[in-house]
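Have a look at the structure below before the remarks.
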Amino acid sequence: MHRLHSTSLVFEPLTLANGATLPNRIAKAAMEENMSAPGQLPGDELTTLYRRWSNGGAGLLITGNVMVHDAAMTGPAGVVLDGDQPLDPFRRWADAAKSGGARVWMQINHPGRQVMADMPGVAWAPSARRVAWAPSARRVDVGKQSGRFAEPTEMTPAQIRETIDRFATTAALAEQAGFDGVEIHAAHGYLLSQFLSPLSNTRTDEWGGSLDNRARLLLDIVRAVRSVVEPGFAVAVKLNSADFQRGGFDADDARRVIDLLAPLGVDLVELSGGSYESPAMTGSSADERTLAREAYFLELATDLAATSPIPLMLTGGITRLPVAEEVLAEGVAVVGMGSALAVDPDLPNTWQQDQAAKVTLAPITAKDKTIASAMSMARVRVQLRRVGAGKPTRPGANPWLTFAAEQVRQKLALRRYRRWLNARH
């Protein structure tokens, strides 16, 4: 056993611009749990899961994405927080996440065009209220799998303003429920990332064209969120360091957006990469740089950290302490971990005793990158559900079987979500 030196930067606290302090530099990064209880609410499974993570040693827990619009969902078992939802389940979730000393931020999100075609928010809503929204009417292009996604409609200015208000409402409610901050999701090809990318945003009005225009929606949402929360409440942004598509959002664009965010009271920017069209965030990308090392985006993050006026967090494939140390040594402030903490929620505590401890997941071998990405997420979710049920994880679970079981589970969740949405409207 290799004992970790007590002065390791990984376990040093970090004080943010708003005055809040993270107990250490390890963050449980957002993973899309798809584990909502009836009513699209956090239930016993999520509270058990987050209590376990809080006691596992990570200093910051960022929830899986919580949706700001009830009819715009990344998956049928997602959590929704809007003005019509009860707050007590969210209070219990926040309390569980903070029970072991961690800070907890709610990731808030709108999927935009990354909505499956069978979701009731698409088939059910009248044409004037369609929620497969996008900056431009350009469908997700994943080759032969493209038909699984809804045909999007271009957002009107009124819908854009409504979306800004929704993000602000969800952030204010998160604070009321006891969360320590929010992370606004502007990565992975979701709505705000779609506005940032010149490939998905071909508008010619004030929301399109130049990068400053394409960033307008994100900046307006940050301003709106900051205006409704207390100064000590953290506001973070998740941003692609690149989306790994030719002619798309790149590192120079990311640098410019970070500079635009700096004066708006953003406390942390989390760097990731990719989208459904190029899922680099799961390690499945045509760009060799994402496969070259364990921390997929370290090369790009190092370059951005050299000039960033905001502390940066790096997420993507980190499973070993030496890699976490390398990330921090390159100027990144926080190390984000997802899959590793799904498999071993106690890994941060273990590292303090054994720096050689690590998590190993066999690579997904499916040739279709969209299927490979879905299989990767399904394998992670089965670990999350096991932890939420108080069971040990099974990192060796067959990815094909977990993927098949996920399809069945999604169909059942879709029926439940459809009934809830229809009853609501």
Testing the spin-label approximation: label points 7 Å from Cα along Cα→Cβ at residue 20 and residue 389. State their distance in nm. 3.3
Rounded to the nearest whole Å², what accessible area per residue is found for segment 286-425 with the 1.4 Å probe? 47
Quick check: at a probe of 1.4 Å, how many percent of the accessible area of the chain sits on carbon and sulfur atoms? 50
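Over all directions, how big on average is the projection of the convex hull of the alpha-carbon atoms in segment 134-182, in square nanometres? Walk me through the numbers before you get to the answer.
Details: hull surface 19.5 nm².
For segment 134-182, averaging the hull's shadow over all directions gives 4.9 nm².
Give me the 1.4 Å probe accessible area per residue for segment 34-175, excluding ligands and nucleic acids, in Å². Don't jump to the answer; show the numbers that get you there.
Values: 4660 Å² over 142 residues.
Averaged over the residues of segment 34-175, the accessible area is 33 Å².
Ignoring everything except DSSP H segments at least 4 long, calculate the 222 nm mean residue ellipticity for the chain; use -39,500 (n - 2.57) per segment, divide by total residues, nearest 500. Can you show the working numbers first?
Numbers: 14 runs with 153 residues, N = 425.
Using -39500 (n - 2.57) per qualifying helix, the result is -11000 deg cm²/dmol.
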Report the gain in length on full extension from residue 144 to residue 416: 0.36 nm times residue separation, minus Cα-Cα distance, nm rounded to one decimal. 95.1 nm
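The values are calculated or read from the model by the stated rules, or taken from the named source; none is laboratory data. Since this is a predicted model, take the numbers as computed values, not measurements. Note: ideal-geometry Cβ built from the backbone for every residue, glycine included; neighbour counts use all protein chains shown. Just so you know, the surface numbers come from the protein's heavy atoms only, side chains and all, with ligands and any DNA or RNA stripped out. Shrake-Rupley method; radii C 1.70, N 1.55, O 1.52, S 1.80 Å.
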